[in-house]
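Report on the following structure.
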Number of protein chains: 2
Amino acid sequence: MIAMNRVEQAIDAAVAGVCAKDCPPKLAEAIRYAVFPGGARIRPRLCLAVAAACGEDTPAVTDAAATAIELLHCASLVHDDLPCFDDAETRRGKPSVHRAFGEPLAVLVGDGLIVLAFETLTRGTVSAPQRLPALLMTVSRSVGAPSGIVAGQAWECEERVDLASYQRAKTGSLFVAAAAAGAAAAGAAPDPWALFGDRLGESYQVADDIRDVAANPDDLGKPVGQDENHGRPNAVLKMGIDGAIGHFKSLLSAAVDAIPPCPGREALRDLIVVESKRFLPKEVLRHAA
Amino acid sequence: MIAMNRVEQAIDAAVAGVCAKDCPPKLAEAIRYAVFPGGARIRPRLCLAVAAACGEDTPAVTDAAATAIELLHCASLVHDDLPCFDDAETRRGKPSVHRAFGEPLAVLVGDGLIVLAFETLTRGTVSAPQRLPALLMTVSRSVGAPSGIVAGQAWECEERVDLASYQRAKTGSLFVAAAAAGAAAAGAAPDPWALFGDRLGESYQVADDIRDVAANPDDLGKPVGQDENHGRPNAVLKMGIDGAIGHFKSLLSAAVDAIPPCPGREALRDLIVVESKRFLPKEVLRHAA
């Protein structure tokens with residue numbers, strides 16, 4: 001999961017296309033603001049890593065898949081931050097999109113990024129159109145209803161929530177899509193990668209819960225303690241910090257074990273182990289060492 | 001532009017897929033509420049009519065294209081009605097989605113419908129995947145930035161607005177997409193249909209302006225006078241009721257003249273003339289007769 005420059009360049013090319021001269025200037029500025037500078041770009045780098053492990057042969061297709069995944073992630077952050085959800089003041093160390101540009105543009109930025117994700121997949125597969133249907137199905141399933149990000153967020157509007165379904169839809173689904181789309185971009189079957197993506201997403205969700213409780217807000221780039229404030233489930237609140245760290249480690253181990261047979265299996269395994277150390281806040285790594 | 005039953009059945013099948021048992025119940029209910037009962041379904045019926053005129057040979061592909069267009073239209077209505085935009089109390093004669101289900105679900109319904117539109121295109125083209133890329137490009141261009149619906153709505157956030165760009169993006173773009181996607185679904189080139197869709201969309205926009213000023217709110221199913229209330233451009237406010245009616249007629253005539261050569265050109269022309277009479281409110285038709 002290196003290739004940060006490659007990810008940034010691919011995303012930049014996609015965003016440049018919509019922020020053309022005909023675009024309403026504030027919308028163009030707000031779209032760019034929502035996407036750059038990014039966070040750790042974990043999902044698109046995961047997509048690239050899986051494509052490489054599967055013997056990637058069409059880099060433009062992989063770039064499109066990775067970009068689409070990240071644009072959808074950015075869209076979900078912009079909409080989740082809206083006043084009717086988290087009303088978050090900051091995101092990635094700066095004012096959230098609706099704080100910087102107002103609520104109307106924040107709604108439109110999210111909508112525009114969703115559309116751009118699908119447009120990017122279409123443009124990126126011109127040289128390999130036979131890979132487009134599998135990529136589209138993989139990506140749309142992970143974002144929409146009944147079990148993608150939109151559904152995950154909608155579980156917050158229900159009185160009775162199945163915690164596993166909620167977290168799987170809200171966080172896990174895009175990890176599943178990142179892994180499966182990486183495989184599909186390389187011409188491999190996407191479905192065998194679902195379990196790996198699911199386990200990795202679950203471990204990331206637990207790490208996110210730990211960060212929400214234990215991170216330094218300056219390192220995190222957003223406020224801490226949001227789960228407790230919003231009455232959302234959190235693994236640390238449920239099983240304590242040590243329990244949550246143990247759970248994180250076992251999920252990560254299960255993820256690594258679930259990597260399907262592929263040409264670059266060993267290299268991918270090593271990469272996941274190294275990269276996963278960045279999931280947890282520094283304070284917790286010291287505590288857990 | 002008959003085929004109302006066909007349109008309803010196609011949309012119903014697409015919505016049933018996302019409102020499966022795993023879907024958060026309120027989200028499923030709200031998605032269905034946003035889509036049924038529909039309005040005049042002008043855009044999907046236009047899509048079907050153009051496909052028929054082009055010698056439709058894969059009805060499942062046409063159904064998918066028509067459904068995707070209508071789902072995107074519904075998504076735009078739900079988001080446009082939000083408190084940060086029009087704060088509309090009613091839509092299609094019943095409370096708007098955010099009034100009935102709350103703002104969080106209204107945001108998610110719009111997001112979910114956008115995703116569902118692209119998923120529907122993918123599922124519907126399994127038997128003719130070679131038609132998928134053109135359909136995706138046609139549809140995504142009409143919805144996103146720099147010149148689709150999202151951009152159209154974003155022009156409302158700018159201080160200086162080019163009226164033609166604004167209306168073309170906000171209303172015209174989905175008419176262009178409906179016509180072009182109908183052609184693409186039938187295996188014809190979509191681009192020659194853009195001018196026809198654009199003119200038809202422009203005439204519909206003028207009719208919409210007339211309805212906003214002159215319709216009976218009970219017939220319209222939403223409040224009247226919204227353009228003046230929100231300081232939005234309106235052809236009647238600009239050129240008077242008779243001027244607007246004359247403008248509507250000349251745009252419609254230009255639309256009919258712009259129908260490209262195709263096997264069913266005459267039938268399509270007749271259909272457009274008949275259907276266009278439904279664009280204007282009854283009061284105005286009497287006035288203009």
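The values are calculated or read from the model by the stated rules, or taken from the named source; none is laboratory data. Computed from a predicted model, the values in this text were never measured in an experiment. Because the Cβ atoms are built from the backbone with ideal geometry, glycine has one as well, and the counts that use them run over all protein chains shown. Accessible surface areas use protein heavy atoms only, side chains included; no ligands, DNA or RNA. Shrake-Rupley method; radii C 1.70, N 1.55, O 1.52, S 1.80 Å.
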Problem - Three principal axis lengths of chain B [C-alpha, angstrom, descending] - result: 50, 47, 35
Completion exercise
Output row for B:ASP162: copy-to-copy label distances, label 7 Å along Cα→C-beta, ascending, in nanometres, one decimal, is 5.2
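Which order do B:ASP212, B:ASP218, B:ASP257 take by accessible area at a 1.4 Å probe, largest first? Could you put the intermediate results ahead of the total?
Numbers: B:ASP212 15, B:ASP218 135, B:ASP257 105 Å².
From most accessible down to least: B:ASP218, B:ASP257, B:ASP212.
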Practice task
Give the nm distances, rounded to one decimal, from B:ASN229 to the matching residue in every other copy, measuring between label points 7 Å along Cα toward the beta carbon; shortest first.
Solution key: 3.4
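Run the numbers on region A:4-288 and let me know its relative contact order in percent, using alpha-carbon pairs under 8 Å that are six or more apart.
Worked out over region A:4-288, it gives 19 percent.
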Fill in the blank from the handout: Ignoring ligands and nucleic acids, A:THR120 exposes an accessible area, probe 1.4 Å, in Å² to the nearest 10, of 20 Å²
Fill in the blank from the handout: Here, GluC sites (Glu not before Pro) of region A:104-191 satisfying both criteria (DSSP loop; at most 12 other Cβ within 10 Å) are A:GLU159
Exercise for the section: Could you grab the Rg to Rh ratio for the protein assembly as shown? Cα atoms only, Kirkwood for Rh. Expected result: 0.99
Handout entry: Above-threshold pairs, the threshold being 23 Å between Cα atoms, out of A:LYS21/B:LYS170; A:LYS26/A:LYS94; A:LYS170/B:LYS170
Key = A:LYS170/B:LYS170
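What does the charge dipole of the protein assembly as shown about its Cα centre add up to, to the nearest 20 debye, if the Cβ of each Lys and Arg holds +1 and the Cβ of each Asp and Glu holds -1?
Numbers: 58 positive and 72 negative charges, 150 e Å.
In total the dipole reaches around 720 debye.
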Practice task
Set the Förster radius R0 to 56 Å, insert the Cβ-Cβ distance between A:ALA254 and B:ARG278 as r into 1/(1 + (r/R0)^6), and round the FRET efficiency to 0.05.
Solution key: 0.40
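Return the average number of partner chain Cβ atoms within 10 angstrom of each residue Cβ along peptide A:5-12.
Mean partner shielding for this stretch: 0.
Before anything else, pin down the relative contact order of region B:98-192: Cα pairs under 8 Å, at least 6 apart, normalised by residue count, whole percent. All intermediate terms of the calculation are to be shown ahead of the outcome.
Numbers: 82 pairs, mean separation 21.1, N = 95.
Averaging sequence separation for qualifying contacts and normalising by length gives 22 percent for region B:98-192.
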Practice task
Along Cα→Cβ, 7 Å out, is where each label goes; now give me the distance between the ones at A:ASP191 and B:ARG6 in nm to one decimal.
Solution key: 3.3 nm
Problem - Inter-copy separations for A:ASP270, label at 7 Å along Cα-Cβ, nm, ascending - result: 7.4
Fill in the blank from the handout: For chain B, dividing by residue count, accessible area per residue (probe 1.4 Å) in Å² works out to 38 Å²
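Counting only protein chains, not ligands or nucleic acids, how are A:GLU56, B:GLU266, A:GLU70 ordered by accessible area (probe 1.4 Å), most first?
Working: A:GLU56 55, B:GLU266 110, A:GLU70 0 Å².
If we order A:GLU56, B:GLU266, A:GLU70 from most to least accessible, we get B:GLU266, A:GLU56, A:GLU70.
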Completion exercise
If N is the residue count of region B:1-131, its Cα Rg over 2.2 N^0.38 Å rounds to 1.06
Problem - Space enclosed by the convex hull of the alpha-carbon atoms of region A:179-270, per residue, Å³ - result: 122 Å³
Exercise for the section: For region A:4-288, build the charge dipole from Cβ charges (+1 Lys, Arg; -1 Asp, Glu) around the Cα centre, then report which of A:ALA16, A:ALA28, A:GLY187 sits farthest towards its positive end. Expected result: A:GLY187
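For the interface of chains B and A, what total accessible area is buried with a 1.4 Å probe, rounded to the nearest 100 Å²?
On the way: alone 13000 and 13010 Å², together 21960 Å².
The contact between A and B buries close to 4100 Å².
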Exercise for the section: Determine the dipole magnitude for chain A: charges of +1 sit on the beta-carbon of Lys and Arg, -1 on that of Asp and Glu, nothing else is charged, the reference point is the Cα centre, and the result goes in debye to the nearest 20. Expected result: 520 debye
Problem - In Å², nearest 10: area of A:SER147 left accessible to a 1.4 Å probe - result: 60 Å²
Fill in the blank from the handout: Whole-Hz Karplus couplings 3J(HN,Hα) for region A:231-248, θ = phi - 60° and coefficients 6.51, -1.76, 1.60, Gly and Pro as x, run x, 8, x, 8, 4, 5, 5, 8, 10, x, 5, 5, x, 5, 5, x, 5, 4
Handout entry: Accessible area (Å², 1.4 Å probe, nearest 10) - B:ARG92
Key = 60 Å²
Exercise for the section: Could you please state how large a percent of the accessible area of region A:156-217 is carbon and sulfur, counting protein chains only and using a 1.4 Å probe? Expected result: 49 percent
